[in-house]
Amino acid sequence: MGNSTATTDLDVALEKHRTELTGYCYRMLGSSFEAEDAVQDTLVRAWRSYDRFEGRSSLRSWLYRIATNVCLDMLRAGNKRARPMDLSESTPLAQAALAPRPDNTWLEPMPDARVLPTVEDPAEAAVAKESVRLAFMAALQQLPPKQRAVLILREVLAWKASEVAELLDTTVASVNSALQRARATLSEREASGANAAVSDPLDEEQKKLLERYVAAFEGYDMTALTALLHEDAVMTMPPFDLWLTGHDDITGFMTTLGSACEGSRLLPVQVNGLPGFAQYKPDPEKGGYTPWSIQVLEISDGRLTGFHFYLDTQRWFPLFDLPLHLDGEVDEVEQGA
C-alpha cells in the first residue's frame, strides 16, 4: 500500500461510497444490519485487494461489483424477508394472538440517513426514497437475487444495460430479459395495491394528517384515530406475525392487547422514505418513558393506509441514534426529524 498517506486517501475514497452502498445492499437484502455488515465486508475486501484494482472501471463500479457478490453470497441461504401480510392472512381481533417469528423472517426498517445519499436532483432523490419504501422493498424480496440486482442497478441507480452486464459478467440481452421479468413481477404486485402515495417533501395536507395522528395517538383518542384511518388500513407489529385490517380491529386492539401504549410520546423519524415516529410509552418503574416501537406510516388519498410498529427496541433505537429512556415530558427533547 506504500505509505500511510496513500492508506488514508484510500480510506477516505472508500468511505465516500458507504451510504449509497448501504442503500444498495439494504435493497438487496431487506435487512438493516445485514446491509451494514455487507458494506463493511465490501470495503474490507476492496481495501485488501486495491493493489489488484487496475482502474479498468471506476472505483464506484468496482465497489458495486464487490458488494453485489457479497449480497449474492448472503442470499444463497435462500431467506426472503417479508412483512406479516406477505406470510399469512389478516387475523380478526377476536383471534388475535402475539406469536413472534425469528428476526431473519422480517423486512427491517432503515433510517433514511443511512441509505439515501444527498443528491442535488429532486427527481433522483424522489426515486431513491420511493425505492426504500416498505411496499417496494417487500416486492423486491420476491425477485430472484440476480433479477433483484438488475432491477436496482437499472431502475433505481440508472446504470446502463452494458454497465450492468459487465458488473454481472453476463450479456446485455440477459440483463434486458432479467429486467423485463422483474418489472412484470413488480407490476403484478402494484396491481394488488401495494403502493402508498407519499409526496416528497410532504405536502401541507399530509403534514396536517401527521399532526392529527400525533394528537390522536398521544391522546389515545380512538374516535380521532378512526377518522384518520383508511377503512382498509393495515397494522403490523414485527416480530409478531399478527396483522390487522380495518379501523375497528385496529382501534379494538389498541384498547385491549395494546392498551399499555396509552400515554405514549412520539418523536418524528425519517424511515424508509416515509414519515415515522419513535414511540416511547410510560415507564411505570423508572418514571419518564421507555422505547416501545419505531412506527412507519403509509399514506394514500389523505388517510393512513398502513402503520407498522417495529418492536425490537434494543436493536432499532440505537440504529436511529435514539435515547433508550426519556425523562419527563418529550418537549424537553430535540424534536428534529
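The values are calculated or read from the model by the stated rules, or taken from the named source; none is laboratory data. Only a predicted model underlies this, so the values are computations on that prediction, with no experimental measurement involved. Every residue, glycine as well, gets a Cβ built from its backbone with ideal geometry; the counts of neighbours run over all protein chains shown. When the accessible area is computed, the model is the full protein with side chains, heavy atoms only, and any ligands, DNA or RNA have been set aside. Shrake-Rupley method; radii C 1.70, N 1.55, O 1.52, S 1.80 Å.
A straight chain from E285 to L324 at 0.36 nm per residue would run longer than the Cα-Cα distance by 12.6 nm. Within the accessible area of the range 128-246, what % is carbon and sulfur when the probe is 1.4 Å and the other protein chains stay in place? Carbon and sulfur: 51 percent of the exposed surface of the range 128-246. Nearest 500 deg cm²/dmol is fine: what mean residue ellipticity at 222 nm does the chain get from its DSSP H runs of n ≥ 4 alone, each adding -39,500 (n - 2.57), divided by its residue count? It comes out at -13500 deg cm²/dmol, rounded to the nearest 500. Scalar couplings 3J(HN,Hα) for the range 103-115, obtained by applying the Karplus form with A = 6.51, B = -1.76, C = 1.60 to θ = phi - 60°, are 3, 6, 6, 9, 5, 9, x, 8, x, 3, 4, 7, 10 Hz; x denotes Gly and Pro. Full extension of the chain between E204 and A94 gives 35.9 nm of extra length, using 0.36 nm per residue less the Cα-Cα distance.
When only Cα pairs below 8 angstrom with a gap of at least 6 residues are kept, the chain shows a relative contact order of 17 percent. Exposure check, 1.4 Å probe, all protein chains in place: M235 carries approximately 10 Å² of accessible surface.
The mean sequence separation of alpha-carbon pairs under 8 Å and at least six residues apart, normalised by the residue count of the range 8-54, gives a relative contact order of 35 percent. Summary value for the range 1-81: 33 percent relative contact order, contacts being C-alpha pairs under 8 angstrom separated by 6+ residues. List every residue whose amide H lies under 5 Å from the amide H of Y220, counting only residues 5 or more places away in sequence or on a different chain, with H placed 1.01 Å from N in the peptide plane. Here G263 satisfy the definition. Of the residues P92, P318, P238, the one that moves most in a GNM of the chain with alpha-carbon contacts below 10 Å is P318.
Ranked by accessible surface with a 1.4 Å probe, highest first, in what order do R65, R148 come?
On the way: R65 70, R148 5 Å².
Listed by decreasing accessible area, they come as R65, R148.
About its Cα centre, the dipole of the range 121-189 is roughly 280 debye, where the only charges are +1 on Lys and Arg Cβ and -1 on Asp and Glu Cβ. 3J(HN,Hα) along the range 128-142, derived from phi through the Karplus expression 6.51 cos²θ - 1.76 cosθ + 1.60 where θ = phi - 60°, amounts to 4, 5, 4, 7, 10, 5, 4, 5, 5, 4, 5, 5, 4, 5, 7 Hz, with x in place of Gly and Pro.
Within the shell defined by Cβ-Cβ distances under 13 Å, the residues around P111 carry a net charge of -1, with Lys and Arg each +1 and Asp and Glu each -1. Ranked by solvent-accessible area (1.4 Å probe, protein heavy atoms only, all chains present), the residues T313, T223 order from largest to smallest as T223, T313.
Provide the per residue accessible area, probe 1.4 Å, for the chain, rounded to a whole number of square angstrom. Each step should come with its number before you reach the end.
Numbers: 15950 Å² over 337 residues.
Averaged over the residues of the chain, the accessible area is 47 Å².
Here the extension length gained between S61 and D121 equals 19.5 nm, from 0.36 nm per residue of separation less the Cα-Cα distance. Here the spin labels are modelled as points 7 Å beyond Cα on the Cα-Cβ line, and at F53 and T255 they lie 6.0 nm apart.
Here are some pairs, K160/K207; K80/K286; K80/K129; K16/K146; K129/K208; which of them have Cα atoms lying more than 28 Å apart in this structure? Result: K160/K207; K80/K286 exceed 28 Å.
If you sort H230, H17 by accessible surface, 1.4 Å probe, largest first, the order is H230, H17.
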